[in-house]
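Written out below as structure tokens is the structure these notes cover.
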């Protein structure tokens with residue numbers, strides 16, 4: 001297939017400089033999104049009791065009242081699919097893929113749009129049960145782990161593609177919606193006439209990746225509450241009856257899981273596969289806990305390059321053999337970043353967020369939309385979905401940059417040889433750097449700190465990292481002069497550049513690549529290197 005012109009602004013420059021000759025395009029956006037709708041007031045202390053009071057139902061009659069609603073929900077769902085002639089199945093095997101079953105049933109029935117099938121399954125849930133309290137000798141409503149029937153409404157949506165709405169048939173009647181951003185994008189491209197080749201859940205070729213990326217960006221501008229309420233009406237016709245009995249009661253939409261993927265399309269599997277093996281090998285051998293934490297936005301690790309002493313979470317890296325290839329996954333407290341080779345010719349880093357509170361969003365305090373904005377915890381609500389996309393995209397970018405900095409076909413010796421030799425810069429000689437010497441190693445390590453990535457660094461920043469604080473003016477001047485000479489040395493080797501009209505410096509693309517590689521080599525385990533050399 002012919003290569004397509006596209007903008008290279010969406011991937012790290014260092015990655016494109018090294019591997020861009022084989023890249024035909026790329027797109028970034030949400031892959032899988034799972035939303036949850038809950039009746040939040042019912043989860044508050046005494047919330048369900050207030051609801052029953054509004055319905056004029058006694059606590060002792062809760063079970064009967066709840067069962068009547070459950071029966072109505074089931075009857076409405078079954079009647080709807082029976083009238084349409086769509087399949088209805090009960091799924092007893094939890095290991096069975098409901099998506100595959102729904103797709104097969106729709107194929108057998110020749111259903112291409114609209115409701116595909118209704119699947120019923122008994123699954124764990126949080127639900128309210130009536131319990132007796134012996135101490136106060138009263139009946140109480142308790143929220144506890146239980147099991148009940150869930151109804152999966154599979155729909156071939158004309159705009160969103162195949163999706164499912166999962167309805168819990170017992171109080172508090174929570175709803176889950178699972179949709180796929182790639183299938184949504186396929187419908188968008190069909191509407192505007194962009195040709196593509198799709199296999200499974202990825203695109204191996206797109207006629208115009210730039211326009212496709214614009215369509216992906218439009219998804220983030222969606223009025224999510226309105227879109228999801230529309231799906232709620234399709235699968236839960238009793239929701240207005242249930243919410244209308246109590247003032248202020250409505251379904252609140254949150255994002256229980258998001259997967260944000262960057263797909264890099266290579267021209268041929270033979271050009272990706274050798275690189276992918278190097279990526280996997282390097283990720284397993286080199287990426288340590290601080291690296292994974294930095295990829296997933298841990299601010300302390302970005303600044304210091306170390307794990308905070310008070311950190312009590314868990315960082316893991318796992319390699320998994322799948323039928324379609326090898327996948328590596330780095331996890332941090334329930335969030336993760338993965339790397340795939342999809343369909344042989346698509347490189348996909350993918351960030352999954354289950355716990356958004358580990359990230360920050362610049363917003364006012366909840367409930368005070370006109371209040372002062374501050375960096376606060378990222379919420380699960382759909383209002384912060386745009387920011388969730390940003391932090392996920394940044395995580396993918398950091399991961400790709402780390403891979404590109406130290407992998408490829410260029411030996412480290414070729415990359416580092418020049419900076420280890422003396423150079424002439426502005427008619428002045430400058431010595432070569434020695435990364436194995438303690439002073440130069442600490443200098444390179446200071447330059448690689450994440451806090452300098454965006455705003456650059458100053459003389460004072462390096463002094464703080466390289467020298468002990470001193471109150472003596474003479475010693476401070478000596479330290480400042482020493483750092484000035486070090487900055488000149490780094491500029492002579494083209495590792496840093498001065499930001500115009502400021503006293504700040506930034507790493508060049510060459511500098512970041514070489515410094516990352518040198519530091520990784522200095523930290524490498526001698527025994528592992530010996531085994532690899534053998």
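The values are calculated or read from the model by the stated rules, or taken from the named source; none is laboratory data. Computed from a prediction, not measured in an experiment: that's the story for all the values here. For neighbour counting, all protein chains shown are included, and Cβ atoms are generated from backbone atoms with ideal geometry for every residue, glycine included.
For the reader, a short list of remarks on this structure follows.
- In region 317-355, the residues that are farther than 22 Å from residue 290 by Cβ and either part of a strand (DSSP E or B) or under 17 Å from the mean Cα position of the chain (by Cα) (or both): 320, 321, 322, 325, 326, 327, 340, 341, 342, 346, 347, 348
So that you can scan it fast, the table gives a plain yes or no per residue for (1) farther than 13 Å from residue 330 by Cα; (2) out of contact with any strand residue (DSSP E or B) (no Cβ under 8 Å at 6 or more places or on another chain); (3) in contact (Cβ under 8 Å) with a residue 60 or more places away in the chain:
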| residue | (1), (2), (3) |
| --- | --- |
| 277 | yes, yes, no |
| 283 | no, no, yes |
| 294 | no, yes, yes |
| 312 | yes, yes, no |
| 315 | no, no, no |
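- Entry remark, region 466-475: residues being surrounded by fewer than 15 Cβ atoms within 10 Å (Cβ to Cβ) and touching a residue at least 12 places away in the same chain (Cβ under 8 Å) number 0 in total.
- Failed item in (1) out of contact with any helix residue (DSSP H, G or I) (no Cβ under 7 Å at 6 or more places or on another chain); (2) in contact (Cβ under 8 Å) with a residue 40 or more places away in the chain; (3) farther than 30 Å from residue 321 by Cβ, with residue 244 passing the rest: (2)
- Among (1) at pLDDT 90 or above; (2) in contact with a helix residue (DSSP H, G or I) (Cβ under 9 Å, 6 or more places away or on another chain); (3) closer than 29 Å to residue 461 by Cα - the single one residue 358 does not satisfy: (2)
- The residues listed here are 119, 130; of these, the one that is assigned to a strand (DSSP E or B) and modelled with pLDDT of 95 or more is 119.
- Residues of region 169-201 classified as out of contact with any helix residue (DSSP H, G or I) (no Cβ under 7 Å at 6 or more places or on another chain), surrounded by 14 or more Cβ atoms within 10 Å (Cβ to Cβ) and not in a strand (DSSP E or B), total: 5
Let's see how each residue does on (1) in contact with a helix residue (DSSP H, G or I) (Cβ under 7 Å, 6 or more places away or on another chain); (2) assigned to a helix (DSSP H, G or I); (3) modelled with pLDDT of 90 or more:
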| site | (1), (2), (3) |
| --- | --- |
| 8 | yes, no, no |
| 20 | no, yes, no |
| 25 | yes, no, yes |
| 34 | no, no, yes |
| 45 | no, no, no |
| 56 | no, no, yes |
| 60 | no, yes, yes |
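- The numbered conditions (1) under 23 Å from residue 299 (Cβ atoms); (2) touching a helix residue (DSSP H, G or I) at 6+ places or on another chain (Cβ under 7 Å); (3) at pLDDT 90 or above are all true for residue 445 except (3).
- Residue 273 falls short on exactly one of the conditions (1) in a helix (DSSP H, G or I); (2) under 19 Å from the mean Cα position of the chain (by Cα), and that condition is (2).
- Any hit, region 74-87, residues being over 21 Å from residue 248 (Cα atoms), more than 32 Å from the chain's Cα centre (by Cα), buried (at least 18 other Cβ atoms within 10 Å of the Cβ) and in contact (Cβ under 8 Å) with a residue 40 or more places away in the chain: yes
- Filtered by the rule that a residue be under 33 Å from the mean Cα position of the chain (by Cα), part of a loop (DSSP other than H, G, I, E, B) and surrounded by 15 or more Cβ atoms within 10 Å (Cβ to Cβ), region 421-465 gives 448, 449, 450, 456, 458.
- Residues that are closer than 11 Å to residue 116 by Cβ and surrounded by fewer than 21 Cβ atoms within 10 Å (Cβ to Cβ), drawn from region 146-162: 156, 157, 162
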